[in-house]
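Before any comments, here is the structure.
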Amino acid sequence: MEQETEALDIDPIWTTSRTARQIYALTEVEKDITRLLYLAASSISLLTLPQTDGPDDNLPQGEERSEQFVLEVSEYFERLDSIQSAIRSSLAHIRHARIAPSAINAPPPGFVPPSLGVGLPQSDGDDGRKNRGLQEERVERDTWQGILAALTRLKAAQDLDSSTLMEE
C-alpha cells in the first residue's frame with residue numbers, strides 16, 4: 001500500500017527510462033541513509049542510562065525503552081538491507097549497460113577540487129573566479145547585499161540628521 005502511494009507521488013520524468021529509474025532509486029537510497037543514521041543515533045540514545053536523559057529527550061522508560069530499542073534496531077537492519085540491495089541493483093545496471101570504466105573518468109593525480117568556502121586567488125593576475133564554487137558565490141552575494149544595506153542605512157541616517165539640522 002505504501003509503495004502504491006509512493007508510485008503515485010513520483011514525478012513522471014523518473015519513469016521514462018531504466019537509467020532514470022535507477023537514478024531515482026539512488027536518491028531514495030540517499031534518503032534511506034539519512035534515516036539509517038537517525039535510527040543509529042536514536043538507538044544509541046535508548047542504550048544510555050535513563051538517569052542521563054534530558055528533559056526534552058522524550059525517551060520511554062522501563063520496558064518500553066527496551067521495546068523501542070528492539071523496534072528501532074529492527075528498522076535499522078531492514079533499511080541497511082534495502083540500501084545494500086539498491087546499491088547492488090544499481091551496480092548490476094551499470095554492468096548490464098556495459099558502461100566502460102574509462103567513461104567514468106577519475107581526476108588526474110594531484111587534482112584538488114575547488115573549495116566550497118572562500119578561497120584565495122590562484123595567481124596574481126587571476127581573481128580565482130573560474131574555480132569558485134556555489135558557496136563562494138553565495139558568500140560574495142551576501143557580503144555585497146550586507147554592504148549595500150549598511151550604506152543605505154548610513155545614507156538614511158545622514159539624510160535624517162541633515163534635515164533635522166536644517167529645521168533648527
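So here's what we get for this one:
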{"quantity": "Only one of D56, D81 that is at pLDDT 85 or above and loosely packed, with under 12 Cβ neighbours inside 10 Å", "calculated": "D81"}
{"quantity": "Filter pass, S123 being open to solvent by less than 90 Å² (accessible area, probe 1.4 Å), out of contact with any helix residue (DSSP H, G or I) (no Cβ under 9 Å at 6 or more places or on another chain), in a helix (DSSP H, G or I) and at pLDDT below 85", "calculated": "no"}
{"quantity": "Residue within region 36-51 that is open to solvent by less than 100 Å² (accessible area, probe 1.4 Å), touching a helix residue (DSSP H, G or I) at 6+ places or on another chain (Cβ under 8 Å), at pLDDT below 75 and not aliphatic (A, V, I, L, M) present", "calculated": "yes"}
{"quantity": "Test for P101: is it more than 23 Å from the chain's Cα centre (by Cα) and at pLDDT 70 or above", "calculated": "no"}
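The values are calculated or read from the model by the stated rules, or taken from the named source; none is laboratory data. These figures come from a predicted structure and were not determined experimentally. Using ideal geometry, Cβ is built from the backbone for each residue, glycine included, and neighbour counts are taken over all protein chains shown. Only protein heavy atoms, including side chains, enter the accessible area calculation; ligands, DNA and RNA are left aside. Shrake-Rupley method; radii C 1.70, N 1.55, O 1.52, S 1.80 Å.
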